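Quick notes on the structure that follows.
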């Protein structure tokens, strides 16, 4: 028992000393029902089992990872990037984010990054609608959209599954960096799969959702999109969707074109790149991928500014 304790203690010390695992910022739901990070936190994000990617994040006063505070005005040109973990950018040093890369390409433009891991379109439009007074001052808003993930619901509610991560039990477990490291490298995956099988033996599954056709699912997602736009608003003159046409059904692209929704397609520049655009052991964009995304957005905004 003594040797076991000493081994665990040493492993915990090694993980902490070499910072082999990520820090978890604390999340919360504000008084307006918007889920985000508790303001003014700092930490490090780690990707890969041997720290293949190591970057620092900074949560600003608004509760989002950014090197700047959000204070839009009538006189300044501002861009808001809204989306999930790809916009959030924990995989890149906060001072070298997509927003900063865009600012480096455009003169006298401020970029605000409203990124939060797990945000779908319901989260995004609800947040923009709730903070309407702020977003009315922002000139251009770019919303990240993954068709297969971000249109599964037509109205906003707080997702309790994410907030469960802030329960006292999870907070206590996260105090052990060794446990966090083991979880991140998949050491508990087999146990979790076995537990899921045991707990789901007596559950009945909805056969309708299993057998729904791809075409019907696409139509349902389009209906959810229409519902979100109707409920929370969508300013077609200022809002632009950021999507990957290679993973977006043509029926939805046709719908966007027909109804006057603007979008930027990042599939061509990322596909044409001869250099990898994703991290090792992770599908998030690496520095090169983020540079290409920033160029795509900056070029589009520059064209609008010229007009």
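Is there a residue in the stretch 46-56 that is surrounded by fewer than 14 Cβ atoms within 10 Å (Cβ to Cβ) and modelled with pLDDT of 90 or more?
no
Identify, please: which residue in the stretch 1-29 is in contact with a helix residue (DSSP H, G or I) (Cβ under 8 Å, 6 or more places away or on another chain) and assigned to a helix (DSSP H, G or I) and is, among those, surrounded by the fewest Cβ atoms within 10 Å (Cβ to Cβ)?
8
Quick test for you: out of 105, 153, pick the one residue that is surrounded by fewer than 17 Cβ atoms within 10 Å (Cβ to Cβ), within 27 Å of residue 54 (Cβ to Cβ) and touching a residue at least 60 places away in the same chain (Cβ under 8 Å).
Of the residues listed, the single one that is surrounded by fewer than 17 Cβ atoms within 10 Å (Cβ to Cβ), within 27 Å of residue 54 (Cβ to Cβ) and touching a residue at least 60 places away in the same chain (Cβ under 8 Å) is 105.
Scanning for something farther than 16 Å from residue 284 by Cβ, outside any helix (DSSP H, G or I) and out of contact with any helix residue (DSSP H, G or I) (no Cβ under 9 Å at 6 or more places or on another chain), does the stretch 92-115 turn up at least one residue?
Yes, there is a match, as at least one residue in the stretch 92-115 is farther than 16 Å from residue 284 by Cβ, outside any helix (DSSP H, G or I) and out of contact with any helix residue (DSSP H, G or I) (no Cβ under 9 Å at 6 or more places or on another chain).
Of all residues being assigned to a helix (DSSP H, G or I) and in contact with a helix residue (DSSP H, G or I) (Cβ under 9 Å, 6 or more places away or on another chain) in the stretch 150-173, which is farthest from residue 243 (Cα to Cα)? Just the residue, please.
173
Is it the case, given these coordinates, that residue 183 is at pLDDT 95 or above, in a helix (DSSP H, G or I) and either in contact with a helix residue (DSSP H, G or I) (Cβ under 6 Å, 6 or more places away or on another chain) or more than 30 Å from residue 136 (Cβ to Cβ) (or both)?
Judged against the criteria, residue 183 is not a match.
Just wondering, is there one or more residues in the stretch 233-252 that are closer than 23 Å to residue 97 by Cβ, touching a residue at least 12 places away in the same chain (Cβ under 8 Å), in contact with a helix residue (DSSP H, G or I) (Cβ under 9 Å, 6 or more places away or on another chain) and assigned to a loop (DSSP other than H, G, I, E, B)?
There is at least one residue in the stretch 233-252 that is closer than 23 Å to residue 97 by Cβ, touching a residue at least 12 places away in the same chain (Cβ under 8 Å), in contact with a helix residue (DSSP H, G or I) (Cβ under 9 Å, 6 or more places away or on another chain) and assigned to a loop (DSSP other than H, G, I, E, B).
Scan the stretch 271-307 for residues that are surrounded by 15 or more Cβ atoms within 10 Å (Cβ to Cβ), in contact (Cβ under 8 Å) with a residue 24 or more places away in the chain and closer than 24 Å to residue 151 by Cβ and report the count.
Selection size over the stretch 271-307: 6.
Can you pull out every residue in the stretch 128-149 that is over 20 Å from residue 73 (Cβ atoms) and either in contact with a strand residue (DSSP E or B) (Cβ under 8 Å, 6 or more places away or on another chain) or part of a loop (DSSP other than H, G, I, E, B) (or both)?
Correct list: 143, 144, 145, 146, 147.
Just the residues that are in contact (Cβ under 8 Å) with a residue 40 or more places away in the chain, part of a loop (DSSP other than H, G, I, E, B) and under 30 Å from residue 155 (Cβ atoms), please, taken from the stretch 30-61.
Correct list: 32, 33, 34.
Inspect all residues belonging to the stretch 120-143 and state whether any of them is over 27 Å from residue 253 (Cβ atoms), surrounded by 14 or more Cβ atoms within 10 Å (Cβ to Cβ) and within 14 Å of the chain's Cα centre (by Cα).
Checking the stretch 120-143: not a single residue is over 27 Å from residue 253 (Cβ atoms), surrounded by 14 or more Cβ atoms within 10 Å (Cβ to Cβ) and within 14 Å of the chain's Cα centre (by Cα).
Please state which of the following conditions residue 224 fails to meet, knowing it meets all the rest: (1) modelled with pLDDT under 90; (2) within 29 Å of residue 121 (Cα to Cα); (3) assigned to a helix (DSSP H, G or I).
Going through the list (1) modelled with pLDDT under 90; (2) within 29 Å of residue 121 (Cα to Cα); (3) assigned to a helix (DSSP H, G or I), residue 224 breaks only (1).
The values are calculated or read from the model by the stated rules, or taken from the named source; none is laboratory data. Small disclaimer: the values here were computed from a predicted structure and weren't measured. In this analysis, Cβ positions are derived from the backbone assuming ideal geometry, glycine residues included, and neighbour counts consider all displayed protein chains.
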